[in-house]
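**Student:** Dropping the structure in here first, questions after.
The values are calculated or read from the model by the stated rules, or taken from the named source; none is laboratory data. Here the structure is a predicted model, which is why all the values come from computation and not from measurement. For neighbour counting, all protein chains shown are included, and Cβ atoms are generated from backbone atoms with ideal geometry for every residue, glycine included.
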Amino acid sequence: MEDTNNKKGIIREWGPTILAAVIIGLSLWKFVIYSVWITSGSMIPTLEVKDRLIATRVHNPHNLKRGDIIIFQSDELEATLIKRLIGLPGDHIEIENGVVTLNGEVLDESYVKNNDYSKVGNGVFDVPEDKYFFLGDNRPRSEDSRYWENPYIDAEKIEGKAKVKIYPFSEFKMYK
C-alpha cells in the first residue's frame, strides 16, 4: 500500500512538469522549428542527399535575405523543395552561361561549385510583388525557377529557413 501511495505521489509531483515540458516541446516543434531531410542533389555541395537540418518556420517572408536556404512548397512540382533564395520581390535577374546578374550586378555565388554552362538554363526574370525566385546550388542538376512554367514562388508557400545542419555530425554547421 505504501508503494502505491509513493508512486501516486511521484506522479502528482512530476506529472504536471512532464506534461508542461511535452506541451512546450510540441508547440516549439509545430510553430518555431522543425527537421528537414535532404532527398535530392540539387543543393550539392552545400547540402548532400541524406543531410538533416533544423529549420525555423517563416512567419514573415519579407524578413528573408538573398542567399538564405529556404524550404517551400512548389505547386508546379507538387513537392516540398529546398533551394537558395536568389530573387526578392522587384528584382531583375538575368542568367546567361551560368552567370547570374541581379539588378545589373553579377551575383557573387561562391557556394556554386558545379556550374557546367552547357546544362545551365538561361533567361530573364522580373520577380513580382510577394513572389520569390530560387536556384539550387548544383545548377546542372537542380529543377528550379529557371525551368518552371511559373518561375516564382508565392510568399505564402514559404515554410522555413535552414538554420543548422545536424547530420552528418562531422559536418555540423550553422547557417545565417
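**Student:** Looking at GLY136, GLY87, GLY123, which is the one that is closer than 19 Å to HIS62 by Cβ, touching a strand residue (DSSP E or B) at 6+ places or on another chain (Cβ under 6 Å) and surrounded by 12 or more Cβ atoms within 10 Å (Cβ to Cβ)?
**Tutor:** GLY87
**Student:** Could you check how many residues of segment 140-176 are surrounded by fewer than 20 Cβ atoms within 10 Å (Cβ to Cβ), touching a Gly at 6+ places or on another chain (Cβ under 9 Å) and either of a type in the set (Asp, Glu) or part of a strand (DSSP E or B) (or both)?
**Tutor:** Selection size over segment 140-176: 1.
**Student:** Write out, first by first residue and then by second, each pair whose Cβ atoms fall under 7 Å of each other, whose residues are 6+ apart or on separate chains, and whose first residue, in segment 137-155, is in contact (Cβ under 8 Å) with a residue 40 or more places away in the chain while the second is part of a loop (DSSP other than H, G, I, E, B) and among the acidic types (Asp, Glu).
**Tutor:** That search, which allows pairs on different chains as well, returns TRP148/GLU76; GLU149/GLU76; ASN150/GLU76; ALA155/ASP130.
**Student:** Out of curiosity, is LEU77 surrounded by fewer than 16 Cβ atoms within 10 Å (Cβ to Cβ), outside any strand (DSSP E or B) and not basic (Lys, Arg)?
**Tutor:** The answer is yes for LEU77.
**Student:** Further question on the same structure: Restricting attention to segment 98-115, which residues are of a type in the set (Gly, Ala, Ser) and surrounded by fewer than 12 Cβ atoms within 10 Å (Cβ to Cβ)?
**Tutor:** Scanning segment 98-115 gives GLY104, SER110.
**Student:** So, one more: Please verify whether segment 39-56 includes one or more residues that are closer than 13 Å to GLU159 by Cα and small (Gly, Ala, Ser).
**Tutor:** There is at least one residue in segment 39-56 that is closer than 13 Å to GLU159 by Cα and small (Gly, Ala, Ser).
**Student:** Of the numbered conditions (1) more than 19 Å from PRO45 (Cα to Cα); (2) at pLDDT 95 or above, GLU76 fails exactly one; give the number of that condition.
**Tutor:** Only one criterion is unmet by GLU76, namely (2).
**Student:** Go through (1) exposed (fewer than 10 other Cβ atoms within 10 Å of the Cβ); (2) charged (D, E, K, R); (3) in contact (Cβ under 8 Å) with a residue 60 or more places away in the chain for ARG12 and report which single condition fails.
**Tutor:** (3)
**Student:** Also: Of all residues in segment 23-36, count the ones that are at pLDDT 85 or above and either assigned to a helix (DSSP H, G or I) or in contact with a Gly (Cβ under 9 Å, 6 or more places away or on another chain) (or both).
**Tutor:** 3
**Student:** Continuing with this model, one more query. Identify, from the list ILE82, ILE70, ILE95, the residue that is at pLDDT below 95 and crowded, with 17+ Cβ neighbours inside 10 Å.
**Tutor:** The match here is ILE95.
**Student:** Give the residues of segment 51-66 that are without any contact (Cβ under 8 Å) to a residue 24 or more places away in the chain and not in a helix (DSSP H, G or I), sorted by residue number.
**Tutor:** Those that are without any contact (Cβ under 8 Å) to a residue 24 or more places away in the chain and not in a helix (DSSP H, G or I): HIS59, ASN60.
**Student:** Evaluate the following for THR39: is it of a type outside the set (Lys, Arg), out of contact with any His (no Cβ under 8 Å at 6 or more places or on another chain), buried (at least 16 other Cβ atoms within 10 Å of the Cβ) and outside any strand (DSSP E or B)?
**Tutor:** Here the answer is no, as THR39 does not meet what is asked.
**Student:** Looking at (1) farther than 26 Å from ILE33 by Cβ; (2) at pLDDT 95 or above; (3) of a type in the set (Asp, Glu), which is the only condition ASP154 fails?
**Tutor:** Checking ASP154 against (1) farther than 26 Å from ILE33 by Cβ; (2) at pLDDT 95 or above; (3) of a type in the set (Asp, Glu), the one that fails is (1).
**Student:** One residue is enough: does segment 113-132 have a residue meeting the conditions part of a strand (DSSP E or B), within 26 Å of VAL36 (Cβ to Cβ), at pLDDT below 95 and not hydroxyl-bearing (Ser, Thr, Tyr)?
**Tutor:** yes
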